[in-house]
Amino acid sequence: MEEIPVYLFTGFMDSGKTSLISETLFENEFGKDAKTLIILCEDGDVELDEGKLRTVGASLVMIDDVSEITREKFHELHEKYRPDQVFIEYNGTWELAPLLDLDAPDGWTIVQTLTTVDATTYEMYLNNMRTMMLEQFFISDVVIFNRCDDETPKAKFRRSVKAKNRKAQIVYERADGSLDENYDEELPYDINAEFLDISDADYGIFYMDIMDAPKKYVGKKVKYLALVYNPKGKLKKDVFVAGRFAMTCCVEDIQFIGIKCKYSEASRIEHRSWVWVTAEVAYEFAMEYKGKGPVLHAIEVTPAEKPEDELVYFS
């Protein structure tokens, strides 16, 4: 069975989804000589020219209500258009479950999800429509913050996305459409130091950075206050996870984030106990990461008191 790639575009109205589709088709000549079916689930300020679409073999279909996201509708579209590829511009206010759970036509496979975000309104949407926005981030392969300027808090935006989806690629675009590559995460500690004493306030940022770029930590020694994940029979006898519960943005988003730690006395450390971990960082294959990732080789593990605030944050 031949795969029919589906490209899913998410984001709120006027965040740039339609412009991205147009740019992909006409400027990048994506899928040249392929029959493209574009399914629009909202009508924004930017419109696609159906006449121009026909010049690149693209057809446009409008879906006005989430109730139309059905097996029958999509199979009907498949039979009518027989596309080689599908673009879906999804309505940012609709739940994603009807689409993701859909019994799609044979071969239809979501191969990439792109989320567009207007940097000028991002924080407003995050405060008022947090669940919808985070749901989009969770499935995104690429998050594009457009309309950025010199005042855009890119590090803050990046952390809010990475807290929900560590693997998402993040792109920043300026108002003129050019890429904004003048960005470097400013860490709250000296990454060039051989010993990193990570405070509670810095753990969330440390965790995301070491997961994103583990190689730059190899050989460094780190120390931080950790909550132990070590349930009986779940891990190897010389392994525990040293982490913390983190609040990504609200109480509903609290999750445990930890790093695999090798320690010869790991079996003696109680699950959910508090410890000070001092370890050297390595970059190794780990089943927990389904590939290579940061692994701590403990130098010292000592009992610690539970902190007054057990949560860490990403701000």
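The values are calculated or read from the model by the stated rules, or taken from the named source; none is laboratory data. Bear in mind the structure is a predicted one, so any value in this text is a computation, not a measurement. Note that each Cβ is placed from the backbone with ideal geometry, even for glycine, and that neighbours are counted across all protein chains shown. Surface areas here come from the heavy atoms of the whole protein model, side chains and all, with no ligands, DNA or RNA. Shrake-Rupley method; radii C 1.70, N 1.55, O 1.52, S 1.80 Å.
Results, tabulated for the structure shown:
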| read-out | value |
| --- | --- |
| Pair list, Cβ < 9 Å and 6+ apart or interchain, from the range 210-235 residues that are modelled with pLDDT of 95 or more to residues that are basic (Lys, Arg) and open to solvent by less than 10 Å² (accessible area, probe 1.4 Å) | TYR224/ARG244; LEU225/ARG244; ALA226/ARG244; LEU227/ARG244 |
| Lone qualifier among TYR283, TYR263, TYR289 - being touching a residue at least 60 places away in the same chain (Cβ under 8 Å) and either loosely packed, with under 15 Cβ neighbours inside 10 Å or over 30 Å from TYR122 (Cα atoms) (or both) | TYR283 |
| Test for GLU76: is it free of Cβ contacts under 8 Å to residues at least 12 places away in the same chain and either open to solvent by 70 Å² or more (accessible area, probe 1.4 Å) or touching a Ser or Thr at 6+ places or on another chain (Cβ under 9 Å) (or both) | yes |
| Among residues of the range 285-315, those that are in contact with a Gly (Cβ under 9 Å, 6 or more places away or on another chain) and either closer than 23 Å to LEU187 by Cβ or in a loop (DSSP other than H, G, I, E, B) (or both), counted | 4 |
| Failed item, numbered, when PHE138 is tested on (1) free of Cβ contacts under 8 Å to residues at least 60 places away in the same chain; (2) open to solvent by 30 Å² or more (accessible area, probe 1.4 Å); (3) not in a helix (DSSP H, G or I) | (3) |
| Yes/no for VAL56 being surrounded by fewer than 18 Cβ atoms within 10 Å (Cβ to Cβ), over 18 Å from THR10 (Cα atoms) and of a type in the set (A, V, I, L, M) | yes |
| The listed residue being within 30 Å of MET132 (Cα to Cα), open to solvent by 30 Å² or more (accessible area, probe 1.4 Å) and not polar (S, T, N, Q), out of ASP309, ASP209, ASP238 | ASP309 |
| Of all residues in the range 241-260 being open to solvent by 40 Å² or more (accessible area, probe 1.4 Å) and in a strand (DSSP E or B), the one that is modelled with the lowest pLDDT | MET247 |
| Any hit, the range 99-119, residues being assigned to a helix (DSSP H, G or I), out of contact with any Pro (no Cβ under 6 Å at 6 or more places or on another chain) and more than 16 Å from THR18 (Cβ to Cβ) | yes |
